[in-house]
Amino acid sequence: MARSYVHEARRRGLGRRRERIGPIVERLAREHSDATIALRFRNDVELLISVMLSAQTTDVNVNRVTESLFEKYRRPEDYLSVPVEELERDVFATGFYRQKAKSIRGAMRVLLEEFDGEVPRRLDDLLRLPGVARKTANVVAAELGHAQGIVVDTHVRRLSQRLGLTRNDDPVKIERDLQRIVPPADWARFPHLLIWHGRRVCDARRPRCVECVLADLCPSARPWPDAARAIAATAGSDPGGV
Ligand code: SF4
């Protein structure tokens, strides 16, 4: 299990998770008002394909590949009308191209057979598509305006742990912890805010705590800022559990 900052938040007198989550979302929303999905797509099917291709690679790389891919493949049927080797070549640069081509074809087949070629909104339906795991389903549902969970990627996991919002390391358990404290209305934008904050400020190796807007709310801030010390001093010793 990852080091838990939940206890450290109590020790520093930063308040409970439920109390900190509001200001955390508010400040991040102000700081990263441009935080949205970085993948480029023009419709629901392109969104689904982009997210499927984004496994184990960068969004920039996916966008480079889909620029020509989406010109060639315009409808779900198009992905099934070419030999699989051709689709493999077309998605080669995203890595894991054999598995991705197979998953895309499987997903397009189910879309056509069971959903009239439309991308479903329900998480359970999305999870029936071959190659669509929980993270992909959550991203697609959220972008379609029907968030039913919280996307947990590497940035969301790291920041949730550093901010003392979870004690867990497993993405499914982290998602469950976040769902308990993040208001449902923020489920779609919350991961984007953490992802952009992770990229811009809370780097995996070198978090820039001194310029972070969350420093006085964050139990892993280094050095612990004066503002946080002052808050803790007036809050008393231990404000209680989470
Ligand atoms: S204070 Fe530091 S560790 Fe905490 S969220 Fe900000 S950059 Fe990350």
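The values are calculated or read from the model by the stated rules, or taken from the named source; none is laboratory data. Because the structure is predicted, anything quoted here is derived from the model rather than measured. Backbone-built Cβ (ideal geometry, glycine too); neighbour counts: all protein chains shown. Heavy atoms of the whole protein, side chains included, go into the accessibility calculation; ligands, DNA and RNA do not. Shrake-Rupley method; radii C 1.70, N 1.55, O 1.52, S 1.80 Å.
Observations on the model:
- With each label modelled as a point 7 angstrom along the Cα→C-beta vector, the residue 38-residue 57 pair spans 1.4 nm.
- In this simple spin-label model, placing a label point 7 Å from the Cα along the Cα-to-Cβ direction at both residue 200 and residue 96 gives a separation of 2.9 nm.
- When 73, 97 are compared by accessible area at a 1.4 angstrom probe, the order from most to least is 97, 73.
- If the convex hull is drawn through the Cα atoms of the chain, its volume per residue in Å³: 120 Å³
- Solvent exposure ordering (accessible area, 1.4 Å, most first) of 197, 146, 7, 192: 7, 146, 192, 197
- P(r) weight above 23 Å for segment 109-221, C-alpha pairs, percent: 35 percent
- Within the listed set 205, 20, 105, the Gaussian network model of the chain (springs between alpha-carbon atoms below 10 Å) gives the highest mean-square fluctuation for 205.
- Taking all protein chains as they are arranged and a probe of 1.4 Å, the heavy atoms of residue 135 leave approximately 100 Å² accessible to solvent.
- Calculated FRET efficiency for the pair residue 208/residue 72, C-beta based, R₀ 45 Å, to 0.05: 0.60
- Solvent-accessible heavy-atom area per residue, rounded to whole Å², over the chain at 1.4 Å: 51 Å²
- Here r is the Cβ-Cβ distance between residue 89 and residue 115 and R0 is 35 Å; the resulting FRET efficiency, rounded to 0.05, is 0.80.
- Solvent accessible area, Å² - residue 211, 1.4 Å probe, full protein context: 110 Å²
- P(r) weight above 14 Å for segment 82-173, C-alpha pairs, percent: 70 percent
- Nitroxide proxy distance, nm - points 7 Å out along Cα→Cβ at residue 11 and residue 64: 4.4 nm
- Taking all Cα pairs closer than 8 Å and separated by 6 or more residues, the relative contact order of segment 1-109 comes to 20 percent.
- Both the radius of gyration and Dmax for segment 1-140 are 19.2, 61 Å, in that order, over alpha-carbon atoms.
- Helical segments meeting 15 Å axial Cα length and Kyte-Doolittle -1.0 threshold in the chain (DSSP H): 59-72, 97-114, 171-181, 189-200
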